[in-house]
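The values are calculated or read from the model by the stated rules, or taken from the named source; none is laboratory data. Note that this is a predicted model, so its numbers are computed, not measured. Please note: Cβ atoms are built from the backbone with ideal geometry, for glycine as well, and neighbour counts cover all protein chains shown. In case anyone asks, the SASA skips ligands and DNA or RNA and just uses the protein heavy atoms, side chains included. Shrake-Rupley method; radii C 1.70, N 1.55, O 1.52, S 1.80 Å.
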Amino acid sequence: MKKGVTIIIPTYNGGRIFSKSLEMIGRQDYGGKTQLIIVDSGSTDGTIELAERAGALIKMIDRGRFHHANTRNDAVLLARFDTIVFTVQDAVPCSTSWLSDLDRSLSETDVAAVYTDQIPHDDASPYARFEIESISKARGGKRKIQQIESPEAFKEMSYDEAYTAISLDNVCATYRKELLVNIPFPEVDFAEDMAWAFKNMLLGHRLMYQPDIKVNHSHNRSPEYAFNRQVINSFWCAKIMNRVENDMSFLTIGDLMALTRALGRFVNRLRSEIGRAHV
């Protein structure tokens, strides 16, 4: 077993925020050995040069080959150390103790993985701030251990209870490499972290939510985009949890995107009609 931490970040044109992320990673007070792995999907904005200056091991892949699960699984095989931290290019550690706190949270417990809290970036739009703060509020704001008593007990949970029970977030999470090698991220198109959590928890493993560890993370995207993404997220999470009935199982992401666009047009038309009625 090799003591130390490997940090893995998938990138594509990370820009200014990625630069801030690397800066904070470089300022960590962690006393052990570290390895930084960047898996880049064809950046053209200087992301590669930033990673090189940070001393990262860089793996280049074609943009079309990026896959949330498989790309991360391939990167795990390059890791030198037994503790692996997955994060994203626009997540910035909030303190210089971020890495040591992550390592300690995993090493001093018997959980399979630990994930953290998120705080909106300073320039977050009102909607982006609402989105991230809502996620944090839904998770309860307190340290908790998540486990599944039995497959039968899980089936009896409501959707919300089941979703909360197997929540895991690769925006910032630390794992035991041995488990990632033995049980890779399942080959799903979305929510690979939750799919991995569900598979491991059915085997008796536990997870920890540790909100005392934080990263800045948010996206200034349109409410329409966020709505579409949440529809897709809800569908995929329902599939992972075996909560999708057969009469919906044929739907693809393309179908869902078309549905949400149609719904968006309907809502906009309805809002316009209501506005005219009150003139």
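Points worth noting:
- Residue separation of I183 and S125 scaled by 0.36 nm, minus their Cα-Cα distance, works out to 17.1 nm of gained length.
- Among the trypsin sites (Lys or Arg not before Pro) within segment 114-178, those in coil by DSSP and having at most 12 neighbouring Cβ atoms inside 10 Å are K142.
- Long-range tail of P(r) for segment 132-228 (Cα pairs > 24 Å, %): 27 percent
- Reachable lysines, given that their alpha-carbon falls under 20 Å from the alpha-carbon of K137 and they are not under 8 places away in the same chain: K214
- Within the shell defined by Cβ-Cβ distances under 11 Å, the residues around H205 carry a net charge of +2, with Lys and Arg each +1 and Asp and Glu each -1.
- Tensor-based shape of segment 78-183 (alpha-carbon gyration tensor, a/c under 1.5 rounded, otherwise prolate or oblate): oblate
- Look at the dipole of the chain built from charges on Cβ: of T83, G55, N170, the Cα furthest out on the positive end belongs to G55.
- Three-way shape label, segment 83-140, alpha-carbon gyration tensor, a/c 1.5: prolate
- Computing FRET efficiency as 1/(1 + (r/R0)^6) for S158 and Q230, where r is the C-beta to C-beta distance and R0 is 22 Å, gives about 0.75.
- Solvent exposure of the chain amounts to 52 Å² per residue of accessible area, where only protein heavy atoms count and the probe is 1.4 Å.
- Distance between the C-alpha centres of segment 132-166 and segment 100-128: 16 Å, rounded to the whole angstrom.
- Kirkwood analysis of segment 1-154, using all unique Cα-Cα pairs, places the hydrodynamic radius at 17.1 Å.
- The fraction of accessible area contributed by carbon and sulfur in the chain is 52 percent, rounded to a whole number (1.4 Å probe; ligands and nucleic acids excluded).
- This model, with +1 at the C-beta of Lys and Arg and -1 at the C-beta of Asp and Glu, gives the chain a dipole about its Cα centre of some 300 debye.
- Once the Cα-Cα distance is subtracted from the 0.36 nm per residue extended length, the L203 to K144 segment shows a gain of 19.3 nm.
- Look at the Cα gyration tensor of segment 173-238: its axes a ≥ b ≥ c give a/c of at least 1.5 with a/b at or below b/c, and that counts as oblate.
- Within segment 1-55, the proportion of C-alpha pairs whose separation exceeds 13 Å stands at 60%.
- Length available on full extension from T96 to N13: 0.36 nm per residue minus the Cα-Cα distance, which gives 27.4 nm.
- Quotient of Cα Rg and 2.2 N^0.38 Å for the chain, N being how many residues it contains: 1.05
- Average Cα contact separation per residue, the chain, under 8 Å, 6 or more apart, as relative contact order %: 22 percent
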